[in-house]
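No value in this document is a laboratory result; all are computed from the given coordinates. What you see is a predicted model; the values in this text were computed from it and never measured. As a convention, Cβ positions derive from the backbone with ideal geometry for all residues, glycine included, and neighbour counts pool all protein chains shown.
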Amino acid sequence: MTSLEKNNGVSSCELNENLNFLRQTYFFSGLPLEALKVFAYLCIRERFAAEDHLFRQGDDDGQAFYFISGKAVVEWKQAEQARTVRHVQAGEFLGGISLLGPCRRLFSLKAVEETTCLVLSREKFIKTIEQFRGITPKIFKALIQAIGTWEKGFIADRTDTCLDCLPNLGVTLL
């Protein structure tokens, strides 16, 4: 991963901005303020130039990203051909599952223009949830709801055009 800039210190203004960004995500929005403040402090802002990879397919980088500005593309590579899966823009949060434990990326994420993200590492996340043990059920609840919402949307979008897709669904059955 390359980046243009990493912050080492967090000003109080930036800390408040980070806190507000985290409150907007499904993953962190239901957490108590004290835990949110710790996560906001531990996040690092990184800037990526166009064409920089935030992560690559097959990586286990253990990071989650909140997009402050810019745009990126999610790509899936098969037989040396990269296919665009979707576009990502400011206000989106990706990678929450990778915070929970080892997880190889099934996709690559590449900036298409200068992009700034809040980045949280698995290591910092795990240390924080060990301090605030009561937040783990809230995180799992948020994740379960997000998976259910995604699967409902996928079914609604595909039932008329891809009946062959339906047997491959069932993430909520795991």
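What the table shows:
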read-out: Over 29 Å between alpha carbons, listed pairs Lys71/Lys152; Lys71/Lys124; Lys110/Lys152; Lys127/Lys152; value: Lys127/Lys152
read-out: Sparse-neighbourhood loop sites, trypsin sites (Lys or Arg not before Pro) in region 59-134 - DSSP loop, at most 13 other Cβ within 10 angstrom; value: Arg104
read-out: Gain upon complete extension [Thr161, Ser12; 0.36 nm per residue less C-alpha separation]; value: 48.6 nm
read-out: Normalised contact order of the chain, rounded percent, pairs of Cα under 8 Å and 6 or more residues apart; value: 25
read-out: For the chain, size of Cβ-based charge dipole, Lys and Arg +1, Asp and Glu -1, in debye; value: 460
read-out: Calculated Rg and Dmax of the chain using C-alpha coordinates, Å; value: 16.8, 52
